[in-house]
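Undergrad: The structure follows.
The values are calculated or read from the model by the stated rules, or taken from the named source; none is laboratory data. For clarity, every value in this text was computed on a predicted model and none was experimentally measured. A quick note on method: Cβ atoms are made from the backbone with ideal geometry, for glycine too, and the neighbour counts reach across all protein chains shown. Areas reflect the complete protein model, heavy atoms only, side chains present, ligands, DNA and RNA absent. Shrake-Rupley method; radii C 1.70, N 1.55, O 1.52, S 1.80 Å.
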Amino acid sequence: MSGTSTTGEARSRSRHAAGPSGGRDRVRGAVLWAVGTAVAAVALFTCYLLQSRTISVGSDGASIALQAWDMLHGNPLLRGWWVADVSFYSTELPQYMLIESVRGLSADVMHVGGAMTYTLLVLLAAFLARGRARGRAGLVRAAVAGGIMLAPQLGNGIGTLVLSPDHAGTAVPVLLVLLLIDLAGRRWYVPVLVWLALAWVVVADELVIVIGAIPLAVVCAVRAYQGVVVRRAGWPVPTGIRGVRARWYELSMAAAALAAIPTGLAGIALIRAAGGWQLSPLQTRLVSGAVFAQNLRIGGQGLLELFGADFFGAGSGVLVVFAVAHLVGVALVVWGFCAAVRRFLRRDAIVESVLVTAIVFNVAAFLAIVPAVNLASIREVAPVLPFAAVLAGRLLGERILAARAGARLALGLAVACYAAMLGYGAAQPAAAPQYADLTAWLSAHHLTSGVSGYSQANIVTAESHGAIGLRPVVADGRFLAAYKWEAKRAWYDPGSRRANFLVLSTFGAYEVSAREAVATFGRPAQTYRYREYTIMVWPENLFAHLH
């Protein structure tokens, strides 16, 4: 008895002595992480903003800026808008509204939004890679994930990841959902929040079905099957009804992920029924064998580009060196992915299993149903970058920490090298927005309301802060008609709007011709030629003649 009492007293004294100290250590660690995160966020945002400005923004990003501006000015449902096949209504549009409420309408809104989104991606990937690990292990995990994403490849890589709204931003809420699952534990409200979050994102971008909802449902269904039907090592749970009760979390999570799909689609239908924006149909179909082979080639090079390692299209010698250096990150990603596959059926690896499944489904969908045209098409699999970086961080962090000092030194040197690349990219000169020269010419000649091909239209409107209304038109047979893509029906109303000029250009997609213009509006009263542009002016209202 005396021995037991002595031992108990010793344990009590130990807990009493260690408790306050341990609490202070935890608080100090949390404060250091918060301060470090804030400093990193400011530094990363600044660098990514400067890098984003090295790429000219175009009409795709400007369209989102114009929609956000319209929402800010009393049209929250975007009534009368024809949007693209991805609306970004519940994700990037609120972000753009926030930016424009501070900065107003301009082409720089896209750069600020792109830098914000990628900064969030890097930080969330680092936090999800850290997971429940603390101390040096957590730091190394976060460093691996953040380091892999730290320095996007200059040129196309910046355009895909750090510019206009695109599928890369859809990875942000998916990472948040996985962070909730990882940190909150098996609580009843987690499936409810997951259902609401995924449904919210479906309204913005249906790609989340492929990279979020279905992977989570599949992984949780497999785990429920293991617990209910199959008795496996590490799953000491009775089968049958008792097994179903014990696997309530996996079953409810699978149900929540699947329920988010019809919920989100119903939200889109309700918005449409209320007179809100009209979503263009998503064109998907199985590709032919020739297109599949092309997708393999573009996909392979594009994935290297996402990880900053596309030495084929790097260009200058310095950028080739940077791309080759990023092969270290590619090697870590492949290693981490393979390690995650081996752990797929482990009960404690739900986040890793969802990320593996999301990567496989995203790449498979790209190869099978996306007719890729060029490297710009790799934006369809942009979420692969943060997902793979998280896998590398979560599964390799402790291994690197436990390895010899040389491995830790190599990791530090690699992160420092990537940081230097980030600084180099941020120091490059900014590029003018597309058609900035056209915007200045139209303003100088007091031409403020006209039409053009889609490539010029919305970016000129945004670049002029809305002072010039250049509306997109498209060829409809021999004549011109309103272009029902990222445009508003009210723009073309001849009763309340007037346009008196047309811009033709030899540069850009979605162009219109002088022959179609004359067939629609008749011969112009005046014609100006400026660089690659032809500006045709009429005395009457062109909107009254559109087909």
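Undergrad: Taking 0.36 nm per residue of separation and subtracting the Cα-Cα distance, what length does fully extending Phe507 through Arg346 add?
TA: Stretched out fully, the Phe507 to Arg346 stretch lengthens by 52.5 nm.
Undergrad: If you don't mind, there's one more thing I want to ask. Just order 181-189, 349-357 by mean Cβ neighbour count inside 10 Å, highest at the front, would you?
TA: 349-357, 181-189
Undergrad: Right, another one. Quick check: pseudo-label points 7 Å beyond the Cα along Cα→Cβ at Leu72 and His547, how many nm apart are they?
TA: Computed distance between label sites Leu72 and His547 equals 3.8 nm.
Undergrad: OK, next. Roughly how big is the chain's charge dipole about its Cα centre, with Cβ charges of +1 (Lys, Arg) and -1 (Asp, Glu), in debye to the nearest 20?
TA: 2440
Undergrad: Output wanted: per-residue J couplings in Hz (rounded whole) for segment 341-353, from phi through Karplus 6.51 cos²θ - 1.76 cosθ + 1.60, θ = phi - 60°, x for Gly and Pro.
TA: My calculation for segment 341-353 gives 4, 5, 9, 3, 8, 6, 5, 8, 10, 5, 5, 4, 5 Hz in order.
Undergrad: Heavy atoms only, probe 1.4 angstrom, no DNA, RNA or ligands counted: give me Ile468, Ile55 ranked by accessible area, highest first.
TA: Final ranking, largest accessible area leading: Ile55, Ile468.
Undergrad: Gap in Å between the Cα centre of segment 59-118 and the Cα centre of segment 310-336?
TA: 33
Undergrad: Between Gln428 and Ala34, with labels modelled 7 Å along Cα→Cβ, what's the label distance in nm to one decimal, could you check?
TA: Here the modelled spin labels are 3.8 nm apart.
Undergrad: Tell me, what HN-Hα J-couplings in whole Hz come from the Karplus equation 6.51 cos²θ - 1.76 cosθ + 1.60 at θ = phi - 60° for each residue of segment 157-173, using x for Gly and Pro?
TA: x, 5, x, 7, 9, 10, 9, 6, x, 7, 5, 4, x, 5, 5, 4, x
Undergrad: Using a 1.4 angstrom probe on heavy atoms only, work out the carbon and sulfur share of the accessible area of segment 309-404 in %.
TA: C and S atoms contribute 71 percent here.
Undergrad: Also, I was wondering about something else. Give me the distance between the Cα centres of segment 280-309 and segment 420-456, rounded to whole Å.
TA: With segment 280-309 and segment 420-456 each reduced to a Cα centre, they are spaced 29 Å.
Undergrad: Also, quick follow-up: Taking the Kirkwood radius as the inverse of the mean 1/r across Cα pairs, report the Rg/Rh of segment 353-417.
TA: 1.15
Undergrad: While we're here: Place +1 on the Cβ of every Lys and Arg and -1 on the Cβ of every Asp and Glu in segment 293-396, take the dipole about the Cα centre, and give the residue among Pro386, Leu306, Ala349 whose Cα lies farthest towards its positive end.
TA: Ala349
Undergrad: When the Karplus curve 6.51 cos²θ - 1.76 cosθ + 1.60 is applied with θ = phi - 60°, which whole-Hz ³J(HN,Hα) does each residue of segment 306-315 get, with x for Gly and Pro?
TA: After applying 6.51 cos²θ - 1.76 cosθ + 1.60, I find 4, 8, x, 10, 7, 6, 5, x, 5, x Hz.
Undergrad: Report the one residue of Pro433, Ala407, Ser377 whose Cα lies farthest in the direction of the positive end of the charge dipole of segment 356-452 (charges on C-beta: Lys and Arg +1, Asp and Glu -1; origin at the Cα centre).
TA: The residue sitting most towards the positive pole is Ala407.
Undergrad: Now a separate question. How large is the charge dipole for segment 442-543, taken about the Cα centre, if only the Cβ atoms of Lys, Arg (+1) and Asp, Glu (-1) carry charge, to the nearest 20 debye?
TA: The calculated dipole for segment 442-543 is roughly 160 debye.
Undergrad: How much accessible surface area, in Å² rounded to 10, belongs to the heavy atoms of Tyr89 with a 1.4 Å probe?
TA: 40
Undergrad: Where the centre of each part is set by its Cα atoms, how far does segment 208-223 sit from segment 480-505, in angstrom?
TA: What the calculation gives is 43 Å, centre to centre.
Undergrad: What does a probe at Ala407 reach in segment 110-140, counting residues whose amide N is under 14 Å from the point 7 Å along Cα→Cβ?
TA: Residues passing the 14 Å test: 137, 140.
Undergrad: So who's got an amide H within less than 5 Å of the one on Ser449, skipping anything under 5 residues away but keeping other chains? H placed 1.01 Å off N, in plane.
TA: Under 5 Å from the amide H of Ser449: Gly469, Asn500.
Undergrad: Putting +1 on Lys and Arg Cβ atoms and -1 on Asp and Glu Cβ atoms, find which of Leu183, Leu161, Val287 reaches farthest to the positive end of the dipole of the chain.
TA: Towards the positive end, the residue furthest out is Leu183.
Undergrad: Something else about it: Show me the trypsin sites (Lys or Arg not before Pro) within segment 325-432 that DSSP assigns to loop and that have at most 11 other Cβ atoms within 10 Å of their Cβ.
TA: Arg404
Undergrad: Please calculate the 1.4 Å probe accessible area of His445, with all protein chains present, and give it to the nearest 10 Å².
TA: Approximately 80 Å² for this residue.
Undergrad: So who's got an amide H within less than 5 Å of the one on Arg247, skipping anything under 5 residues away but keeping other chains? H placed 1.01 Å off N, in plane.
TA: Amide H neighbours of Arg247, under 5 Å, 5+ apart: none.
Undergrad: Another one. What are the trypsin sites (Lys or Arg not before Pro) within segment 242-291 that DSSP puts in a loop, where the Cβ has at most 16 other Cβ atoms within 10 Å?
TA: Hits after loop and neighbour filter: Arg285.
Undergrad: Now for a separate question. Please list, in chain and number order, the residues 5+ apart from Thr534 or on another chain whose amide H is under 5 Å from its amide H, with Hs placed from the backbone.
TA: Result for Thr534 returns Leu504, Ser505.
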